[in-house]
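The values are calculated or read from the model by the stated rules, or taken from the named source; none is laboratory data. Because the structure is a prediction, the values reported are computed rather than measured. Don't worry about glycine lacking a Cβ; one is built from the backbone with ideal geometry, like all the others, and counts go over all protein chains shown.
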Amino acid sequence: MAEIRKAEGIGDWFDQRLATKKLTKVLMTEYWIPKNINFLWAMGVVLVVLFTILIISGIFLLMYYKPDVKLAFDSVNYTIMQEVEYGWLWRHMHGVAASAIFLVIYIHMFTGIYYGSYKKGREMIWLTGMALFGMFSAEAFSGYMLPWGQMSYWAAQVITNLFGGIPVIGDALVIWIRGDFAVADPTLTRFFMLHVLLLPLVIIVLIVVHFYSLRIPHVNNQESEDIDFDKESDKYLAGNKKESKVVPFWPVFLSKDFFVSGAFLVFYFYLTFYHFDFAMDPINFEPANPMKTPAHIYPEWYFLWSYEVLRGFFFDVGPMAAMDIGLAAFGFANVIFMVFPFLDRDPNVAPAHRRPKFKIWFWLLLIDMIVLTVYGKLPPMGINTYIGFVAAVSFILLFVALPFITKCDAKHTGGVK
């Protein structure tokens with residue numbers, strides 16, 4: 001009893017100075033979540049778990065990594081993988097988490113598109129989420145450079161060259177990004193700083209902003225139903241839990257999140273111990289060699305769809321024209337999802353299964369992105385070139401058609417006005 005009273009005293013002490021009880025109510029016990037949701041709504045917490053794994057494993061790797069072109073490759077493939085006890089485990093955890101986090105991001109993103117979670121006051125949720133996607137992409141690319149293998153070097157060469165297509169300032173921008181006229185030691189040092197310091201800080205800030213933006217309009221649900229949260233929360237607090245359409249974030253909703261996260265971690269550690277090689281390109285186990293270009297250069301799987309949009313337009317066109325068209329298409333592919341809420345002209349909030357034309361559009365987009373991902377890994381030869389071109393054009397046309405499709409669907413949805 002004395003210990004309980006002591007604990008209560010400590011709790012009151014903090015509450016008087018930090019309003020911890022009120023904060024707990026606002027953020028947890030009286031932050032209301034719709035009942036009508038499924039496991040896909042747990043992807044946000046899964047992302048936080050994976051990001052935490054990336055930070056922890058990254059700290060251990062940072063203890064032994066050398067950001068120098070003469071030492072980087074050996075520090076990863078010899079020191080960490082062979083000399084440091086369980087160094088291989090931390091590297092595998094880091095590499096697999098980097099891939100797994102993009103798998104979850106894509107699931108999270110397409111869930112939001114399917115259920116219309118970017119509409120009716122939720123635009124900031126979508127915009128901050130896409131900003132996070134951009135930052136995670138930059139974080140992944142900067143990390144891919146650090147082992148300083150063949151694919152690291154040549155991927156950096158290709159990606160930094162893309163900035164040369166920007167009118168007027170392109171050539172100067174490429175030199176500024178690299179810190180040299182070619183990809184070299186200053187480039188590695190700069191991307192090392194981005195990967196371990198600047199980008200993680202930006203991601204942490206964006207995660208806080210993303211969760212804050214989610215707090216205001218509340219979470220969407222499977223039927224996109226407009227819930228009176230004040231009324232339904234009063235029912236719950238009055239004891240009518242079965243009749244209420246909402247549950248508190250803690251402990252009810254978060255306990256389900258923990259279950260989904262636990263199930264996902266089983267899958268994650270299975271990959272870490274038995275199939276870690278899918279996240280590590282064999283070519284990258286060769287030291288970087290500026291004098292030896294790999295036969296086929298490609299990025300990690302989570303960038304393949306946008307890479308194929310770029311490459312798809314290098315097709316029966318003059319070299320300079322192909323470069324200009326390809327860069328424009330690549331820029332389009334990387335910006336278009338950011339403006340997605342403003343392309344959807346249907347004022348109603350409804351899931352895709354209640355929007356006949358949008359439902360077809362959604363599945364065509366998903367299939368097209370899978371095709372782009374598959375063919376982005378294959379050499380651009382023969383039939384692969386034609387399929388890549390058709391898939392890239394289809395991707396652009398789908399977004400051009402989106403405003404017209406959603407406007408036609410508006411009369412059929414019957415969603416919330």
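If you check 60, 39, 14 for being among the aromatic types (Phe, Trp, Tyr), assigned by TED's automatic domain parsing to the domain that holds residue 190, surrounded by 11 or more Cβ atoms within 10 Å (Cβ to Cβ) and modelled with pLDDT under 95, only one passes: 39.
Just one of the listed residues (306, 261) is assigned by TED's automatic domain parsing to the domain that holds residue 391 and within 29 Å of residue 93 (Cα to Cα), and it is 306.
If you go through the stretch 117-159 and keep only what is surrounded by fewer than 19 Cβ atoms within 10 Å (Cβ to Cβ) and over 30 Å from residue 351 (Cα atoms), you end up with 138, 157, 158, 159.
Scanning the stretch 242-286 for residues that are in contact with a helix residue (DSSP H, G or I) (Cβ under 8 Å, 6 or more places away or on another chain) and basic (Lys, Arg) yields 245, 256.
Pairs are defined by a Cβ separation below 8 Å, a sequence spacing of at least 6 or placement on different chains, a first member in the stretch 224-237 that is farther than 14 Å from residue 117 by Cα, and a second member that is buried (at least 16 other Cβ atoms within 10 Å of the Cβ) and small (Gly, Ala, Ser); the pairs so defined are 232/244; 233/244; 235/244; 236/244. Which one is farthest from residue 279 (Cα to Cα) among residues in the stretch 64-111 that are touching a residue at least 24 places away in the same chain (Cβ under 8 Å) and of a type in the set (Val, Ile, Thr)? Among residues in the stretch 64-111 that are touching a residue at least 24 places away in the same chain (Cβ under 8 Å) and of a type in the set (Val, Ile, Thr), the one farthest from residue 279 (Cα to Cα) is 111. When residues in the stretch 292-309 are screened for being at pLDDT 90 or above, aliphatic (A, V, I, L, M) and within 29 Å of residue 73 (Cα to Cα), 1 of them pass. Contact annotation: residue pairs with Cβ atoms under 9 Å, 6 or more positions apart or on different chains, pairing a residue in the stretch 264-286 that is under 15 Å from residue 153 (Cα atoms) with a partner that is in a helix (DSSP H, G or I) and among the basic types (Lys, Arg), are 280/91.
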